[in-house]
Every structure is written in C-alpha cells, then in structure tokens.
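Visitor: Here's a structure for you.
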C-alpha cells in the first residue's frame, strides 16, 4: 500500500462520518462523530506543539552553526522557552507569564501589524491609480468609505455616511454574496475530491 | 514598580519594531525574533494545556481508553522529523483534514448556498433589489462560467466584476481604518510613558 | 519645471518621508486628543437593543477567536459588550478557539468583571481554549461539558454553578463572536445559527466586516460590529468611554493623508497619460 493510501482512507472515513452525522438521524453516527471530533481536538493540540517544535529546530540549527545573526535566533529560543516553560509549570495565569504576555508580546504583536498602514501610505502614493473602469469604481468606493469613517465625511455632506451605508448594504453585499456562494460551491467540490481520494496535496509530495 | 517596568518594556519593544519604517536594522531583527519566540512559547503553553485537559485527564480520570488513539496519532505528527518514518505523520494530518472537510461540507449547502440564494430571491420592483440580484448572479456567473461565448453571460459577468470592485474598494477603506487603529494602539503603548 | 515634473517628484519622494508624515498624522492627535463626534449606526444599536431585550436569566457566549495584534481593533468592543451584559445581570461564558483568544477574554474579565465585583462561576465563566477549529466549535456546541472538562483555571466544569444551565448551544440566548480570521462568522453560522437557531453577533476587523454583510442581509447574524468604530459607538451607547473611543481620534488625519496621497497618485497618472497622448 502506498504511503498515501491509509491517510486517504482515514480522510474519506472521517469525512463521511461527519457528513452522515449531519444528515442522518442515526445514533451510531452521532456517537462516532462526536468521538472523532474529540480526537481531532487532541491531534490539533499536538499540531500546535509541532509548529513550535519546527521553529525551535530551525533556530537551534542556526545557533549551532553560528550563522549570521545567530544571536537573534538565540533570543528567539530564549523567549520561546522562557514563556513555554513558565506556562507549562506555572500556567498562563502566573504573574510572570501575564507580565511577559501583556508587556512584551502584546505590544510587539500590535507594533508588527501596525507597520502595514505605513506601507499602505506608500502604496497609495505610488501604485493605486484609476487605470480602468474597474479600478475607478474601486477607488470611488474606497474614498466614500474612508470619508464616512471620519467626521469630515459628515461635515462635507450628510449624504456621504448615508451613501456609504448604502454601498455596504447593497452593491458590496451583492458582490460579497456572489463570492460567498461561489466559494461555497468550490469548497463542496474540493471536499468531494478529498472524499473520493482525488486530492492528495495535503499529504505532501512523494509517496504512492 | 512592576507597572512602570511593564510600560517601559511595552514602549521600548514598540519603538524597536517601528524603527523598521526607516530601514531594516539590528534592533528590529532582535524584537522580531523575540516576538516570534514568545508567540511560539504561548502556543506551547496552550498545546500543553489542551493535551492535558482533553486527552490525559479524561483518559486517567474517566477511563476513556479510546483516547490513546488520538494521542498516538498526535505523537505520530512528530515523525516528520525523521526521514525514514515521516510518512507516519500523514495519518494525523489526514484525520484533521477529514474532520474539517466533513464538518465544513455538511454546513455549507444550507448556510452558505441555500440561505444566501433564498435571500437573493427578491421582487425586481426596486432598484436596490435589482442591484442585489444582478450583483449576486453576476459574481456567480463570472466565477462559474469561465468560457465566455455568450453575450448575456459576458454582460452579467461584467456586472459581477464591477460589484466585486466595489467590494474590494470597501475592503480597502476598511483596511485603512483597521491598520490605523493598530498603529494608534502601538503608539499608545509608547505614549503611556508620558502619561497619555 | 512642468506640473508633471513637480507632481512626479512628490510621488517618488523617499518612502521614509511618507512614513514619517503618516506617523505624525497618528501621533499628534493621540497626544492631543480632541472629542470625535460620533453617530451611532444601525449595527451597534441593534446589538444594544437585543441585549436590552434579553431576559435576566439568559446566558450569553462570548467567543474570542483573536490574536494579540488585533487588540486595538476588537478589545474595546468586547469590553463594552461584556460591561453591558454584566450591568444587566446577564451571565456570560467565555471560550476561545485560537490560542491567544484566552488572553483577550482574561483581559476583558480583569477590565470589567473584577472591578464590578462579579462572582466567578456564578456571573461569568472562562472555559479557555480548545484546538481543532470548526470541528472543535461543533463539538463544544454539542456538549460544552465534554469539550471543556475543566475551565481556564483548571476547575472541573461540573463544579461551576453557571455551567449547570449550559450544556449545549441550545442553552444560549446569544453568541457574540470576536474574530480576526479563519472561518469567522461563516463557521459559527454553520455550526451555531443553522443547527441551533441561536442569534449571533459578530465583532470583526475592518477588512473582514464587508464579507459578513451577506449573512447580515440573510438574517443569519443580528449585528455586525465593525472594528474600532463599532466599539466606539457601543462605548457611547453604554456611556463607558474606553479603548475604542480613545483610538478614534487618530483616524481623521491618517485618513485625510491617505486620501491626499491617493489624489497625488491619480493626478500624476492622469498627467503622465496626457503627456503620453501628446
């Protein structure tokens, strides 16, 4: 049996049990379905640890080989193990854990995502132009929404916030619904491919 | 005293990250690596708690012996670190993919297709309704009918494209708002030093 | 120097200058806050009215599927809604399906329930985090006690008085979902609204809010709270200024700057196009 055959059987079986549980009022499917979902919670928790393990391995190798900037990798490892070990032995409610999370990790996270607005500013200056009808419509919608988000919009005209609300509720909603329905149909089609064993990309390259 | 140290740490780490705006530098790289490390550390903590509470506690306290199966499948995920046995890691992945696919597929037809299409069945007596119907059908037509030989399909697809352009414009406006809030949040971590 | 040359030079100025100007546009109004006139829109009002209409013995689920970086966008709304529920004496259960959502819940609890002297286990409960995405959501709504055998503090769920009345999704009067991505509102519509008929309110970021309008229009969600603006409006409604209102001041100048930059970019493009046509 190829190395993707058993995983393929697992995928098909578990997915069929989930679907059957949803559409058939049979106690066996409900019991098995519930048990399988409980199992997936446990496996997902191991997967979360795997991400951290992967990261640790990457940085350990760089520190061991003394690659350029290895001291940054060391800092990463120290941060990871400090918070991880504190969390495991003292729990996430421990004062040390809370202090590190609230005063170091949280501000770092916010700052990292905050960088984006500055790049949006540069892009707005250089790249976002009304080159064709579609881009013009995009820009007009964006300008109206932006004006409606600040008091200036209302100061220019009370119609701006009203028009923005209409844009959100009607044309934006219509376009989003088209995307939503189509993506749902696409997801169902993809799910059928997974069920029938035609889709093996999630198992990686190689193997039978 | 702890509160003061905390405020200083928040401000310093924020400035280190924001220094990237004027070019990549060692301070930014250091802060970025610490950020990644702390995030991973938090993941380790949450993973440990989940495994303890969802697997080992019920296994030991409630005698749920079947939970040995997901524990083994979960441990098998780590086989990917060994080239010879890496194929075993696919079993745990397969299980999660199967559950995710099944749960999604049983919910999508009703929640995302039928309910949405039902909400689109509107009387074409008002301009708003006409825009909703044409915009929805246009978007679906654009994605599903990729071979455009028919004039009606072409026109409807174009209407769908324009509806989607409005969506993207709205999303851009939302992105500016969202990212400004995040920047404001970051800067507030620095302004706390000055009592703001 | 022609007009095109001038505008082109402005357009290609050093990116660091642009970023510095943007930084100042955010720093100055935050350092010197001015009151921002705010009109409460339909969605925050809808959620407020719904909560006002809930019977006092209701239980509301607040699920925080967030990350730390999105605290400025969403935390204000979570705190404001939680404060409203606590003021009304409505009981709240917190849970999370992202690792960092638990800290978001804990911060809300520390900001609201602790100062109000609310009793843990009676007035509110924090169940913690479960991995597994939408599958875990489905399983928790089928049986909270089986999925969350202990709460975030390690206490067996059976020992919490509030949880005696909450076993499945059907026992909830409302779910307020705070989300930064993934399946977001769609997942909860699939797993909570469709099977159990429980009303769902969604608190999402500015980029995600537009994609939730189809659910709002179809009646699958009752209210859509849009980023900091939704939070600021809700804080205004309950008379409890907080994080969201304090951030709103920074929006005006940054938006005006982006609009100016867009104008320069498009004027430069049109000028270049006209030059090419000549």
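The values are calculated or read from the model by the stated rules, or taken from the named source; none is laboratory data. This structure is a prediction, so every number in the text was calculated from the model and none was measured. Ideal geometry is used to build each Cβ from the backbone, glycine not excepted, and the neighbour counts take in all protein chains shown.
Visitor: May I ask you to list the residues in the range A:15-28 that are free of Cβ contacts under 8 Å to residues at least 40 places away in the same chain and either more than 9 Å from chain B (Cβ to nearest Cβ) or over 19 Å from residue C:141 (Cβ atoms) (or both)?
Guide: Scanning the range A:15-28 gives A:24, A:25, A:26, A:27, A:28.
Visitor: Shifting gears a bit: Taking residue C:163 as the residue in question, decide whether it is modelled with pLDDT under 95 and either more than 8 Å from chain B (Cβ to nearest Cβ) or farther than 26 Å from residue B:182 by Cα (or both).
Guide: no
Visitor: Let me ask another. Take the residues in the range C:233-278 that are over 24 Å from residue A:130 (Cα atoms) and facing another protein chain (nearest Cβ under 10 Å); name whichever of them is modelled with the lowest pLDDT.
Guide: C:249
Visitor: For residues that are crowded, with 20+ Cβ neighbours inside 10 Å and farther than 12 Å from residue B:135 by Cβ, scanning just the range A:162-174, find the one that is farthest from the other protein chains (Cβ to nearest Cβ).
Guide: Among those residues, the one meeting the criterion is A:164.
Visitor: Answer with yes or no whether residue B:174 is at pLDDT below 95 and either under 30 Å from residue C:262 (Cβ atoms) or not in a helix (DSSP H, G or I) (or both).
Guide: So residue B:174 fails the test.
Visitor: Another question, then. Checking residue A:177 against (1) surrounded by 17 or more Cβ atoms within 10 Å (Cβ to Cβ); (2) over 27 Å from residue B:107 (Cβ atoms); (3) facing chain B (nearest Cβ under 9 Å), which single condition isn't satisfied?
Guide: Unmet condition: (2).
Visitor: Check B:93, B:155, B:113, B:133 and return the single one that is under 22 Å from the mean Cα position of the chain (by Cα) and surrounded by fewer than 21 Cβ atoms within 10 Å (Cβ to Cβ).
Guide: Answer to the selection: B:113.
Visitor: Which of the following residues is farther than 29 Å from residue B:186 by Cα and modelled with pLDDT of 95 or more: A:75, A:56, A:111, A:44?
Guide: A:44
Visitor: Could you run through the range C:148-158 and say how many residues are facing another protein chain (nearest Cβ under 7 Å) and not in a loop (DSSP other than H, G, I, E, B)?
Guide: 1
Visitor: Still on this structure, please answer the following. Looking at the range B:3-21, which of its residues are more than 7 Å from chain A (Cβ to nearest Cβ) and touching a helix residue (DSSP H, G or I) at 6+ places or on another chain (Cβ under 8 Å)?
Guide: Residues satisfying the conditions are B:5, B:7, B:8, B:11, B:15, B:16, B:19.
Visitor: Right, here's the next one. Out of all the residues in the range A:27-47, is one or more over 24 Å from residue B:75 (Cα atoms) and in contact with a helix residue (DSSP H, G or I) (Cβ under 8 Å, 6 or more places away or on another chain)?
Guide: The answer is yes; a qualifying residue exists.
Visitor: Please verify whether residue B:176 is closer than 30 Å to residue C:70 by Cα, surrounded by 15 or more Cβ atoms within 10 Å (Cβ to Cβ) and touching a helix residue (DSSP H, G or I) at 6+ places or on another chain (Cβ under 8 Å), treating the condition exactly as stated.
Guide: In short, yes.
Visitor: What helices (runs of 4 or more DSSP H), lying completely within the range B:54-167, carry at least 2 residues that are more than 26 Å from residue C:147 (Cα to Cα)?
Guide: Filter on the range B:54-167 gives B:115-120, B:127-144.
Visitor: Do the conditions hold for residue C:206, that is, is it in contact (Cβ under 8 Å) with a residue 24 or more places away in the chain and assigned to a helix (DSSP H, G or I)?
Guide: The answer is no for residue C:206.
Visitor: For the range C:100-125, enumerate the residues that are buried (at least 23 other Cβ atoms within 10 Å of the Cβ) and touching a strand residue (DSSP E or B) at 6+ places or on another chain (Cβ under 6 Å).
Guide: Listed by number, the residues that qualify are C:101, C:102, C:104, C:105, C:124, C:125.
Visitor: May I ask you to say which residue of A:34, A:40 is within 22 Å of residue B:71 (Cα to Cα), in a helix (DSSP H, G or I), more than 10 Å from chain B (Cβ to nearest Cβ) and under 26 Å from the mean Cα position of the chain (by Cα)?
Guide: Sole residue among the options that is within 22 Å of residue B:71 (Cα to Cα), in a helix (DSSP H, G or I), more than 10 Å from chain B (Cβ to nearest Cβ) and under 26 Å from the mean Cα position of the chain (by Cα): A:34.
Visitor: How do the helices (runs of 4 or more DSSP H) wholly within the range C:3-87 filter down when requiring 2 or more residues that are closer than 30 Å to residue C:269 by Cβ and in contact (Cβ under 8 Å) with a residue 60 or more places away in the chain: which remain?
Guide: Correct list: C:3-11, C:15-31.
Visitor: Something else: Filter the range C:30-66 for residues that are within 12 Å of chain A (Cβ to nearest Cβ) and buried (at least 20 other Cβ atoms within 10 Å of the Cβ); which is nearest to the chain's Cα centre (by Cα)?
Guide: C:66
Visitor: Being more than 10 Å from every other protein chain (Cβ to nearest Cβ) and farther than 21 Å from residue A:48 by Cα is the filter here; which residues of the range C:92-115 pass it?
Guide: Correct list: C:92, C:93, C:94, C:108, C:109, C:111, C:112, C:113, C:114, C:115.
Visitor: Checking residue B:125 against (1) more than 9 Å from chain A (Cβ to nearest Cβ); (2) under 26 Å from the mean Cα position of the chain (by Cα): exactly one of these is not met. Which one?
Guide: (2)
Visitor: Could we say that residue A:71 is crowded, with 24+ Cβ neighbours inside 10 Å and farther than 29 Å from residue B:90 by Cβ here?
Guide: Considered against the rule, which asks whether it is crowded, with 24+ Cβ neighbours inside 10 Å and farther than 29 Å from residue B:90 by Cβ, residue A:71 comes out as no.
Visitor: Checking the conditions here, which among A:133, A:111 is within 8 Å of chain B (Cβ to nearest Cβ) and farther than 19 Å from residue C:270 by Cβ?
Guide: A:111
Visitor: Take the range C:116-136 and flag every residue that is assigned to a helix (DSSP H, G or I) and within 30 Å of residue A:49 (Cα to Cα).
Guide: C:133, C:134, C:135, C:136
Visitor: Taking residue A:51 as meeting all but one of (1) crowded, with 16+ Cβ neighbours inside 10 Å; (2) under 27 Å from the mean Cα position of the chain (by Cα); (3) assigned to a helix (DSSP H, G or I); (4) at the interface with chain B (Cβ under 7 Å from one of its Cβ atoms), write down the number of the exception.
Guide: Among (1) crowded, with 16+ Cβ neighbours inside 10 Å; (2) under 27 Å from the mean Cα position of the chain (by Cα); (3) assigned to a helix (DSSP H, G or I); (4) at the interface with chain B (Cβ under 7 Å from one of its Cβ atoms), the lone unmet condition for residue A:51 is (1).
Visitor: Can you confirm whether residue B:24 is more than 7 Å from every other protein chain (Cβ to nearest Cβ) and either closer than 30 Å to residue C:68 by Cα or touching a helix residue (DSSP H, G or I) at 6+ places or on another chain (Cβ under 6 Å) (or both)?
Guide: Yes.
Visitor: Here's another thing I want to ask about it. Looking only at the range B:42-66, count how many residues are over 21 Å from residue C:155 (Cβ atoms) and within 7 Å of chain A (Cβ to nearest Cβ).
Guide: Of the residues in the range B:42-66, 4 are over 21 Å from residue C:155 (Cβ atoms) and within 7 Å of chain A (Cβ to nearest Cβ).
Visitor: Could we say that residue C:220 is within 11 Å of chain B (Cβ to nearest Cβ), touching a helix residue (DSSP H, G or I) at 6+ places or on another chain (Cβ under 6 Å) and assigned to a loop (DSSP other than H, G, I, E, B) here?
Guide: Yes.
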